[in-house]
Amino acid sequence: MSEKAIRQTSRDNREKARLAPYLEGYREKALAAKKDFNAFIEVINARALEKRVEQLSAAKPADSQLFGIPLAVKDNICWSGAPTTCASRLLEGYRPSYTATVLQRLEDAGAVVIGKTNLDEFAFGSSNETSAYGPVLNPHATRRVPGGSSGGSAVAVAVGAAPLALGSDTGGSVRQPAAFCGVYGLKPTYGRLSRHGLVAFASSMDQIGLFARHADDLRLALEVCAGPDAADATSAPPPATPPAVFNAGKVGVIKEFRRLVGLQPAVERALEGLLEALRKLGCEVVEVSLPTIVHSTAVYMLTAIAEASANLARFDGINYGVRRAEHPADVVSGPAADRLQRSYAASRGLGFGDEVKRRIMLGTFSLAEGYYDAYYLRAQKVRTLIRREFERAFADVELIVCPTTPTTAFRLGEKTADPLAMYLADMFTNPANLAGIPALSLPWGADDAGLPIGMQLLGPRFAEERILGAAEDLGRR
Ligand code: GLN
């Protein structure tokens, strides 16, 4: 579905006779995606959908760009219409009283939430295997992972259960699953979209991102949901003079990534194909050197676990979700303060999965006195170098390109025993989060087994329009 098609669909949907069956069709596809690939945690029920159709038809808004467009929403984004689980047992039964700003804006424009999608627990992961609701399967090969952590949203769009989906991208969680599932995935500039209502993972890197089948659908959705929000102090308007649009000028290919060993040959060939296509558009391809980028995954992980350990402290079993205070030892013995500690420990021990516990423990360790300087602080210094190297590079080139992932979708279970190998699946996506810059994964062919390959376009802050323009030109080739 192209932008025209979304605009067109949104116009056609104003006819009530069409809207109801159209959306019911998507609801059924979502139910099938839940059953076949475990892509959804919850699909909207028929009655709730009917109510939304009534509401939309009664409102008859003059200008609602997404009127009646089905939207799949990652289940770490708050929506008042259903529970938000973050795919964690800890949040079982938690129902937010409000809707995330970005989602509210999409709904105000007429979008219809079709379901909440599955993810890695608290968005910690690259394979969607850590969900308390079970793994999501890749629709191209069901023994393989769909990528993570927004795997459910990527699958929803890939199988046509929604033309549009929301995910979150802290270190690659929109782009990496987009690549593994063969769809477009955009991580906007840090601050471009409000984080209000997105359950916090690593606050200095978290961004809500968008999935679609075409670049121009992303543009439409971005137009609707971007912009400052009083509820998020880090949200920001674009600068007075926004970065220029795509002009088929100089494009940089990252020298340090090109020399890497271990890149799947099909991915390497796809990159060469992309460079060739850019040249055909009139671009000059040059090598850019970002010497510090090779440390991205180490810096990303230190930053991510430190911030996550602080953000997840709020899940104590008292304010949200499961609580294990009824444990006899907690209630009947010991001083009250001690019982409270044990209640926290028991609830968190029960509610969190292994990967979440691993990160909280490592993160807490890295922030402890004596270690803070050596780990978190050092990581932030290296992060500044990475950001500056990007700034310097963008003074010379319009865009930077690299693969989204070193390989195509790996097998379920292939990396679960080796967290380090799992973290390295994001080596090409982590840098954009560290630098706060926008990045898009676009589907770019397939490997010998027919698994989709994704290529990444990165731009300077607020250059989403430039990136989307380039993606559209490449799509037309
Ligand atoms: N895979 C990365 C991680 O596990 C990124 C996760 C994300 O972007 N939410 O931290």
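The values are calculated or read from the model by the stated rules, or taken from the named source; none is laboratory data. Source: prediction; values computed, not measured. Neighbour counts are summed over all protein chains in view; Cβ atoms, including those assigned to glycine, are modelled from backbone coordinates with ideal geometry. Ligands, DNA and RNA are excluded from the accessible area calculation, which covers all protein heavy atoms including side chains. Shrake-Rupley method; radii C 1.70, N 1.55, O 1.52, S 1.80 Å.
Overview of results
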item	result
Relative contact order (%) - criterion: Cα under 8 Å, at least six apart; region: segment 70-130	40
Those residues of segment 50-86 whose amide nitrogen sits under 17 Å from the label point placed on residue 24, 7 Å along Cα→Cβ	50-57, 70
Extension gain (nm, one decimal) between residue 310 and residue 374, 0.36 nm per residue minus Cα-Cα	21.2 nm
Mean Cβ neighbour count within 10 Å, used as a protection proxy, ranking 12-22, 107-117, 30-40 highest first	107-117, 30-40, 12-22
Burial ranking of peptide ranges 402-409, 287-294 (average Cβ count within 10 Å, highest at the top)	402-409, 287-294
Solvent-accessible heavy-atom area per residue, rounded to whole Å², over segment 25-151 at 1.4 Å	36
Heavy-atom accessible area order for 418, 316, largest first, 1.4 Å probe	418, 316
Nearest-0.05 FRET efficiency for residue 8 and residue 46, computed from C-beta distance (R0 30 Å)	0.70
Whichever lysines have a C-alpha closer than 23 Å to that of residue 250, once near sequence neighbours (fewer than 8 apart) are set aside	187, 280
Total lysine pairs under 18 Å (Cα atoms) in segment 8-140, excluding pairs fewer than 8 apart on one chain	11
Distance from segment 184-211 to segment 425-477 (C-alpha centre basis), Å	16
Calculated FRET efficiency for the pair residue 336/residue 414, C-beta based, R₀ 41 Å, to 0.05	0.30
Over 33 Å [Cα-Cα, the chain], rounded percent	34
Contact order normalised by residue count of the chain, Cα under 8 Å, 6+ apart, percent	18
FRET E, pair residue 259, residue 231, Förster distance 35 Å, beta-carbon r, rounded to 0.05	0.20
Hits among aspartates and glutamates - C-alpha to C-alpha of residue 357 under 18 Å, sequence gap 8 or more where chains match	92, 120, 121, 129, 307, 316, 418
Cβ crowding within 10 Å averaged over residues, with 301-308, 136-143 ranked highest first	301-308, 136-143
Accessible-area ranking of 26, 98, largest first, probe 1.4 Å	98, 26
Computed [θ] at 222 nm, deg cm²/dmol, the chain (DSSP H ≥ 4; -39,500 (n - 2.57); rounded to nearest 500)	-12500 deg cm²/dmol
Within the chain, percent of DSSP bridges classed antiparallel, to nearest 5	65
The chain, accessible surface, carbon-and-sulfur percent (1.4 angstrom probe)	53
